[in-house]
Amino acid sequence: MSSKVKEIKTDFLIVGSGLSGLYSALYASNFGNVLILTKSSIQESNSYWAQGGIAVAIDNYDSVDFHYDDTISVGCGLNNEVGVNIMVNEGLQRVLELIEQGVEFDGSETGLDFGIEGGHSRRRILHALGNETGKAIVDLLSKEIKKRKNIKILEDAYVMNLFSNSKSCFGCLVFDDNKKNKIAIHSKATILATGGGCGIYYKSTNPSSTSGDGIAMAIDAGAVVTDMEFVQFHPTAFSKNGSQSFLISEALRGEGGKLINHSKKRFMENYSDQMELAPRHIVARAIFNEMRANGEKNVFLSLKHLDSSRIKTRFKNIYELCMREGIDITKDDIPVSPAAHYMIGGIKTDLFSRTNIMNLYACGEVACSGVHGANRLASNSLLECLVFAKRAIDSAVELSRKFEKIPSSLIKKSIKYSLVSSDKKVERYLSHRIALSQVVNNYVGILRNKKDLLFALSEISTIKKNDLDSFDLIDSRLMNLKTIVYLITKSALLREESRGVHVREDFSSQSDKWLKHINWKIFNKTLRFTYSEHQ
């Protein structure tokens, strides 16, 4: 290999540092050496910023059967039912283990404090540090990881491509931004835990780094991607002119928060018997309708009728963030509107987190095992991370027992990658990124129709593959971005029905003809889709 490319070997390569990445790394360290890659830092992941909590049937008045039923109900007919059963049952065990490890979920002398969110029939949301559950869990796992001498972390590392011959994965090529060099990482098992791609939307609750790179690199490696039309919008993101958007936790509505319009009228009764605790897709659509009907850019969440001391304690972080914007949530209504929040689709996996590529696994938001169906039940995401991260490692330990030699053609290819991009290419990337984020936000949002989706596709097509250098670091990022936006938009155009978070104004009803999945894979160097019947 060229002297310009450093080579590293590891038993387990974990790409991503959210909950699924950290949990899988910690568990994998029991079986071999582990290397964690993250393109930013551990503190910049959706898991770290997860507010609501983790759903688990741990209370005496709850059961895994109730949790299962709620998940299936919200999923609108497309859940992998076996997967849901695994998630709610094994999830209970994983959470109990976290408690044993030292995660302190909020409670009192009388026991744990359970919250409730949209779509849940019982109070089963565990939270920590008020509304900073993700931070509490990630911080604990990070501390444990630092104690393990056989776990290494490489931050500011951008994966340029996976070493794959479309049958097996051998590791990946990485650009180390700190040392400005290329590293070829040779691994027995590669676990993608890169998170979703909702950061590509102009208005999103995600960090901008959440741009779907893991999905794009998996596609390039020969993996199958599925259900990309299902993008969940969080109903309530802070929405004030001149201010940065941030998440206003659904748990606030669980505690009794009321949604009101600019006429100060409560409106959820017009959309659902469950009022503010309806599933997310219903609440997001209701807010969107109210905004469009009245020509407003937001509605309001009112907490003024609730106990102010509890609100300040339970939602300390949100209280402080809103105070910085001049809003006292115990006295003032909070301006909110929907924002892209969670990608339900992703890399297609089985229930052991295996992709169709040998030695390549995926877990967390980047993966799609089918447990969420067409709409994710609130606070099931952290649970999914725990369950399928462990399953990925269990599967890898069983199947990935030795290093497979990287084909020489892949090694030669890695030498061609350029780390230095021209200012012109950087400017082009930034310009296209802003344009694409606005296109997908405006035309592939909560309510979709054929005219808007075709317009979005035409805008996406203005970025020509022939104009980009696939061996250039910045150009490859732009190609990844285009791929993700295209997959979401084209999938939304193909699914001619409304189901879960996917709502077509021109096909407003749910149809049994669409009890199927849209799968994407590269065939003969061309990205193509196929349908598979829902099992």
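The values are calculated or read from the model by the stated rules, or taken from the named source; none is laboratory data. Quick caveat, the model's predicted, so the values are computed rather than measured. Methodologically, a virtual Cβ is constructed for each residue, glycine included, from the backbone with ideal geometry; neighbour enumeration extends over all protein chains shown.
Residues in the range 24-51 that are in a helix (DSSP H, G or I) and modelled with pLDDT of 95 or more: how many? I'd like the intermediate steps shown before the answer.
Within the range 24-51, the first condition is being in a helix (DSSP H, G or I), and the residues that meet it are 24-28, 46-49.
Then keep just the ones that are modelled with pLDDT of 95 or more; that gives 24-28.
The qualifying residues number 5.
I'd like to know if the range 453-470 contains one or more residues that are within 22 Å of the chain's Cα centre (by Cα) and of a type outside the set (Ser, Thr, Tyr).
Scanning the range 453-470, I find no residue that is within 22 Å of the chain's Cα centre (by Cα) and of a type outside the set (Ser, Thr, Tyr), so the answer is no.
Which residues, counting only those in the range 114-128, are surrounded by fewer than 17 Cβ atoms within 10 Å (Cβ to Cβ) and either touching a Gly at 6+ places or on another chain (Cβ under 6 Å) or among the hydrophobic types (A, V, I, L, M, F, W, C) (or both)? First the steps, then the outcome.
Of all residues in the range 114-128, those surrounded by fewer than 17 Cβ atoms within 10 Å (Cβ to Cβ) come to 121-123.
None; the set is empty.
Here's a check for you: in the range 222-247, which residue that is of a type outside the set (Ser, Thr, Tyr) and more than 20 Å from the chain's Cα centre (by Cα) is modelled with the highest pLDDT?
To start, the set of residues in the range 222-247 that are of a type outside the set (Ser, Thr, Tyr) comprises 222-225, 227-235, 237-238, 240-242, 244, 246-247.
Filter again for more than 20 Å from the chain's Cα centre (by Cα), leaving 222, 240-242, 244.
Numbers: Gly222: 97, Lys240: 88, Asn241: 85, Gly242: 80, Gln244: 82.
The extreme case among them is Gly222.
Could you give every pair whose Cβ atoms fall below 9 Å, whose first residue belongs to the range 87-106 and is not assigned by TED's automatic domain parsing to the domain that holds Arg314 and modelled with pLDDT under 90, and whose second residue is basic (Lys, Arg) and crowded, with 17+ Cβ neighbours inside 10 Å, counting only separations of at least 6 or pairs across chains?
Asp106/Arg314
In the range 431-473, which residue that is in contact with a helix residue (DSSP H, G or I) (Cβ under 7 Å, 6 or more places away or on another chain) and among the polar types (S, T, N, Q) is nearest to His502 (Cα to Cα)?
Ranking the candidates gives Ser437 first.
Test Asn519 against the criterion of being of a type outside the set (A, V, I, L, M, F, W, C), farther than 26 Å from His234 by Cβ and under 23 Å from the mean Cα position of the chain (by Cα), and give yes or no. Write out each step before concluding.
Values: of a type outside the set (A, V, I, L, M, F, W, C): yes; farther than 26 Å from His234 by Cβ: yes; under 23 Å from the mean Cα position of the chain (by Cα): yes.
For Asn519, the condition - of a type outside the set (A, V, I, L, M, F, W, C), farther than 26 Å from His234 by Cβ and under 23 Å from the mean Cα position of the chain (by Cα) - is met.
Residues to consider are Gly134, Gly83; find the one that is under 29 Å from Met228 (Cα atoms) and either in contact with a strand residue (DSSP E or B) (Cβ under 9 Å, 6 or more places away or on another chain) or buried (at least 22 other Cβ atoms within 10 Å of the Cβ) (or both).
Working: Gly83 fails: either in contact with a strand residue (DSSP E or B) (Cβ under 9 Å, 6 or more places away or on another chain) or buried (at least 22 other Cβ atoms within 10 Å of the Cβ) (or both).
On inspection, the qualifying residue turns out to be Gly134.
Could you list all residues from the range 185-217 that are in contact with a Ser or Thr (Cβ under 7 Å, 6 or more places away or on another chain) and under 23 Å from Ile393 (Cβ atoms)?
If the condition is that a residue be in contact with a Ser or Thr (Cβ under 7 Å, 6 or more places away or on another chain) and under 23 Å from Ile393 (Cβ atoms), then Ile185, Ser187, Lys188, Ala189, Ile191, Ala193, Gly195, Gly196, Asp213, Gly214 are the ones that fit.
Only one of (1) free of Cβ contacts under 8 Å to residues at least 24 places away in the same chain; (2) in contact with an Asp or Glu (Cβ under 9 Å, 6 or more places away or on another chain); (3) hydroxyl-bearing (Ser, Thr, Tyr) fails for Ser379. Which number is that?
Failed condition: (1).
Looking at Ile282, is it touching a Ser or Thr at 6+ places or on another chain (Cβ under 9 Å), closer than 30 Å to His517 by Cβ and of a type outside the set (D, E, K, R)?
Numbers: touching a Ser or Thr at 6+ places or on another chain (Cβ under 9 Å): yes; closer than 30 Å to His517 by Cβ: yes; of a type outside the set (D, E, K, R): yes.
Yes; evaluated as a whole, the condition is true for this residue.
Where residues in the range 340-351 are in contact with an Asp or Glu (Cβ under 7 Å, 6 or more places away or on another chain) and not aliphatic (A, V, I, L, M), which of them is surrounded by the fewest Cβ atoms within 10 Å (Cβ to Cβ)? Lay out the reasoning, then the answer.
Going residue by residue through the range 340-351, those that are in contact with an Asp or Glu (Cβ under 7 Å, 6 or more places away or on another chain) are 342-346.
Of the ones still in play, those that are also not aliphatic (A, V, I, L, M) are 342, 345-346.
Working: Tyr342: 25, Gly345: 28, Gly346: 30.
So, considering only residues that are in contact with an Asp or Glu (Cβ under 7 Å, 6 or more places away or on another chain) and not aliphatic (A, V, I, L, M), the one surrounded by the fewest Cβ atoms within 10 Å (Cβ to Cβ) is Tyr342.
Answer yes or no as to whether Ala340 is of a type in the set (Gly, Ala, Ser) and assigned to a helix (DSSP H, G or I).
Details: of a type in the set (Gly, Ala, Ser): yes; assigned to a helix (DSSP H, G or I): no.
Taking the combined requirement at face value, the residue does not satisfy it.
Is it the case that some residue within the range 278-297 is closer than 14 Å to Ile334 by Cα, free of Cβ contacts under 8 Å to residues at least 60 places away in the same chain and not assigned by TED's automatic domain parsing to the domain that holds Ser509?
Within the range 278-297, one or more residues are closer than 14 Å to Ile334 by Cα, free of Cβ contacts under 8 Å to residues at least 60 places away in the same chain and not assigned by TED's automatic domain parsing to the domain that holds Ser509.
Which of (1) more than 19 Å from Leu386 (Cα to Cα); (2) surrounded by 18 or more Cβ atoms within 10 Å (Cβ to Cβ); (3) at pLDDT below 95 is the odd one out, the single condition Asn60 does not satisfy?
If we test Asn60 against (1) more than 19 Å from Leu386 (Cα to Cα); (2) surrounded by 18 or more Cβ atoms within 10 Å (Cβ to Cβ); (3) at pLDDT below 95, just (2) comes out false.
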